[in-house]
Amino acid sequence: MSVKLQPGCRVRGCTARAQPGATRCRNHERPQIARRFAENKARAITEQRAGTADGFYRTKTWKNLRRMHLHVEPICRRCGFPADMVDHVTPLHEGGEALDTANLQSLCNRCHAVKRGQEGARAARTKLKKIL
């Protein structure tokens with residue numbers, strides 16, 4: 001009766017034999033398992049975020065609305081440079097409507113960053129007032 005040899009490790013330059021039922025040797029199988037564990041953990045976190053506001057911005061509905069809005073209004077409302085972002089005039093966390101076109105404005109990256117900074121400062125002040 002013939003004995004079937006295990007195939008070699010798939011890692012380039014490794015001459016060891018693969019573990020039974022695996023494609024890598026004992027030295028290289030552990031990092032592979034750790035990498036898969038990290039990928040699964042990252043995938044789980046992404047799925048958890050799907051229900052949050054971040055998840056809304058990944059939906060096909062938002063992406064289509066954003067593309068349409070940038071086509072209609074390609075210039076930043078604040079400075080007149082080409083727009084990169086579609087921003088909610090009234091932020092979602094302050095009760096703004098997510099898909100209302102009247103609540104959208106086109107902004108360049110710089111103006112969007114300034115507006116977000118102002119919103120963050122306003123939110124911090126509101127939070128501080130609630131504490132005091």
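Between the Cα long axis of helix 26-49 and the first principal axis of the chain there is an angle of about 20°, rounded to the nearest 10. To the nearest 10 degrees, how steeply does helix 60-72 sit against the main Cα axis of the chain, on a 0 to 90 scale? Result, in degrees: 50. In a simple Cβ point-charge model (Lys, Arg +1; Asp, Glu -1; nothing else charged), the chain has a dipole of about 800 debye relative to its Cα centre. For the chain, CYS79, CYS111 have no disulfide-compatible partner, since no other Cys C-beta lies under 4.7 Å from theirs. Taken over the Cα atoms of the chain, the convex hull encloses 234 Å³ per residue.
Coordinate-derived values only; no laboratory data. The structure displayed is predicted, hence computed values, not measured ones. Neighbour counts run over all protein chains shown; Cβ positions are idealised from the backbone, glycine included.
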